[in-house]
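Scroll down for the structure; my scribbles are underneath it.
The values are calculated or read from the model by the stated rules, or taken from the named source; none is laboratory data. Just so it is clear, the model here is predicted, and its values are computed rather than measured. Ideal geometry is used to build each Cβ from the backbone, glycine not excepted, and the neighbour counts take in all protein chains shown. Just the protein is used for accessible areas: all its heavy atoms, side chains included, with ligands, DNA and RNA removed. Shrake-Rupley method; radii C 1.70, N 1.55, O 1.52, S 1.80 Å.
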Amino acid sequence: MSETARTDGALASLARFCHRRRRLVLLAWILGVIAVAVLGFGYGAPGDNSAGGDSDSAKAQALIEEHFPERQGDTLTLAIKADEGIDDPAARQRIEAVIADLDASPVTGPLVSPYRDETLVTHDRRIARMTVPLTDKDAAKEAIVVLVDTVKDASGDGVTLGLAGQKAEKAETPPQGSAESVGLLAAAVILFIAFGSLVAMGLPIVTAVLAIVGGLALMKLVGYLVPSPDFTVVLASMIGLGVGIDYALFIVTRYKDALHEGDDPESATVKAITTAGRAVLFAGTTVVIALMGLLVMEQRLMTGVAVSTSVIVLVTMLAAVTLLPAFLGFTGHRINALRLPRRTARRTSGNRRTLAERWAAVVQRRPLVAAVLSTAVLLVLAAPMLSMRLSLPDASVQPHDRSSHISYEILSEGFGPGYGAPLIFAAENTDLHAVAEIVGDTDGVAYATPPQPSADGRAVIFMAFPETGYQDEATTDLVHRLRDEVLPGASTARIYIGGPNAATIDMAETTQSRLPLMIAVVIFLSLLLLIAMVRSVTIAIQAAVMNLLSIGAAYGVVVAVVQWGWLGSALGFPTTMPVATWVPMMMFPVLFGLSMDYQVFLTSRVREEYERTGDTRAAVSRGLAGTAKVITAAAAIMIAVFTTSLLGPDIAVKQGGLGMAVAVLIDATIVRMILVPAVMELCGKANWWMPGRRKPRAAPAPQVRVAEEVGV
């Protein structure tokens, strides 16, 4: 018995069991999701944004944590601006009241008022700053929100106050809110239009939602083994919602077709799972393999993202082949109940071609022109990618009404833009006074603080503030110059440069250096899987090249919008900024996996038609016609889900959602509708080249049942 036959037999048995024991399966899923949700959401691991690694900044942080335990707690910075000066009686009364409120908080340590330290005030005494130490590095978000609100409420009447710091930024960032709900509503509308039935529309959504709830809770528990950053929850929700609904869409479509062909509900369920369900397992496996490519980056944050999002995809796959068959057992022939009113279709000739077939004929008449023009469009869209800069969002790129951005503007005006980008120099068993003076005199450095020894006398640190801001390229150049030229000449001791700014720079450089390796690994593994599925080296190579073009175009659009500012404000980006470091890393594996899914759905159908007729042109035309509707609906759902991230508050997540929505749009239109049929037409019989393979038989190969693979 072949491997394919054994797989189909196992899937058939699973589908039959889930259909017949649907009450048991549904009860098991509901109880299982409730149990995991209670454990995961109640006792799951919190988000962990620490980068780790062996970079220069990571070593500096490790040294600080070992020898300066008092600095492990986060600090906030209160920025003060008084139009009449901070010594104006009315302004002073307001400022001192805020300082008293902050000092009285149970989460803050001793405060040094700018009225007691002249170094905290500008020469004109209009702007001042104050450090607000936190006594607990794990201070609750609610406690920080109180501090932020206190500062906001005190602003006015010529006094402007802002509270900055990573804890403050996180505390005042609103929850994702209705973004996922909007995406779910958009998906429901698309499914209702595609299926024309409320029941058929509801099954994919209910299946996906249950899978996402269980997957997110399980992801929280897995976080104890592999920590993941805070943004993983939003990202995993988007991916889970998109693939969960898409996978259920393919199976429900195949189930409806089987009923239409005369099968009873149980037989239709078995047929849907052994065909479209098998394609879903392949599709999900492709996405998981692509996500695991993030492990090549050797970054703690990305390892957590890879494992967590893979958990979501695996749970949605399991739901598609177990929970959905149970739902189909309940619906039976009522899958088309509560139908959308439709106009009576006009009678047409049986030989009349569909719109997709007519479009394929247009492309096939001029395949070279279509291939060249579509490739040129993709290359033009990808061109901005060459100027991509990576960083992480800070207060300077946040919405201008947030307290952290107000603080950034005040401090930049009074103490220079580099005040928000401090560099921390750390070393063991050495005197850094001479080094601090040399660093302070370096071009690009505004000033350096005096060195401070640790309590155990085994380490020393000092800070230097650049003349340029956190996101400025000049700041990155300064860090390189200090590491490569200034410090080696200033001391023979090993001195590390750390701090949030240096950590961001190190992460961006690691990403740029290892991203090509990750891309190569993902492409190689996906090619092997695709060759095994479609049994054609040519088609697998075509898929890899086309997917690279579509993802490159998406990268280019993200750079043009985020970094260059084209339509940036209209899409919810407050200002121009570098691309968030994790965005290109995350976009590639997710999009490559999804693109491979669509490639398989299309080329599998084309291959079956070719093996039946031996005519590439007819095979491409019929394959495109047979898959256009389901691929279009699946892509539309993905685009809707990813686009709704633009409604959320997280700048980096908005960048990722924009890039993935653009990539899916490009893939479903320019690539699948133009480039694929054009290139396959040009390649002709070479499309099916496979070393050692015999000439295709007239009858379709038993392993490949495309309409079944695709679920249409």
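Worth pointing out:
- One chain, two ends: GLU65 and PHE17. Fully extended at 0.36 nm per residue, the span grows by 11.7 nm beyond their Cα-Cα distance.
- Quotient of C-alpha Rg and 2.2 N^0.38 Å, computed over region 414-513: 1.03
- Evaluated over region 290-344, the Cα radius of gyration and Dmax, each in Å: 19.3, 58
- Compared with the alpha-carbon gap, the fully stretched path from ARG389 to THR119 is longer by 93.7 nm at 0.36 nm per residue.
- Inter-label distance, nm, simple model (7 Å from Cα along the C-beta direction), ARG481/VAL189: 5.3 nm
- Heavy-atom accessible surface of the chain, averaged per residue, reaches 42 Å², computed with a 1.4 Å probe.
- Kirkwood Rh, Cα atoms: Rg over Rh of region 487-584: 1.16
- Hydrodynamic radius by Kirkwood, which averages 1/r over all alpha carbon pairs of region 199-355, in angstrom: 17.1 Å
- When you count the other C-beta atoms within 10 angstrom of each residue and take the mean per peptide, 627-638, 503-514 line up highest first as 627-638, 503-514.
- For region 117-196, the gyration tensor built on C-alpha atoms gives a prolate shape. Its axis ratio a/c (a ≥ b ≥ c) is at least 1.5, and a/b is the larger of a/b and b/c.
- Pairs of alpha carbons in region 477-542 whose separation is greater than 14 Å (percent): 71 percent
- Per-residue ellipticity at 222 nm from helix content only, as computed over the chain with -39500 (n - 2.57) for each DSSP H run of at least four residues, stands at -19500 deg cm²/dmol.
- Order by protection proxy (mean Cβ within 10 Å, highest first), peptides 54-60, 17-23, 577-583: 577-583, 54-60, 17-23
- Region 377-453 shape via C-alpha gyration tensor axes, a/c threshold 1.5: oblate
- Shape class of the chain from the Cα gyration tensor (axes a ≥ b ≥ c, square roots of the eigenvalues): prolate, since a/c reaches 1.5 or more and a/b is larger than b/c.
- Entries of LYS167/LYS220; LYS59/LYS81; LYS137/LYS654; LYS271/LYS654 with Cα pairs more than 30 Å apart: LYS59/LYS81; LYS271/LYS654
- Gain upon complete extension [LEU295, LEU24; 0.36 nm per residue less C-alpha separation]: 93.8 nm
- Rough spin-label spacing in nm, given labels placed 7 Å along Cα→Cβ, for THR669 and VAL206: 3.5 nm
- Across region 3-132, the volume of the C-alpha convex hull divided among the residues equals 285 Å³ per residue.
- Peptides 517-529, 410-422 ranked from most to least packed give 410-422, 517-529, packing being the mean of other C-beta atoms within 10 angstrom over each peptide's residues.
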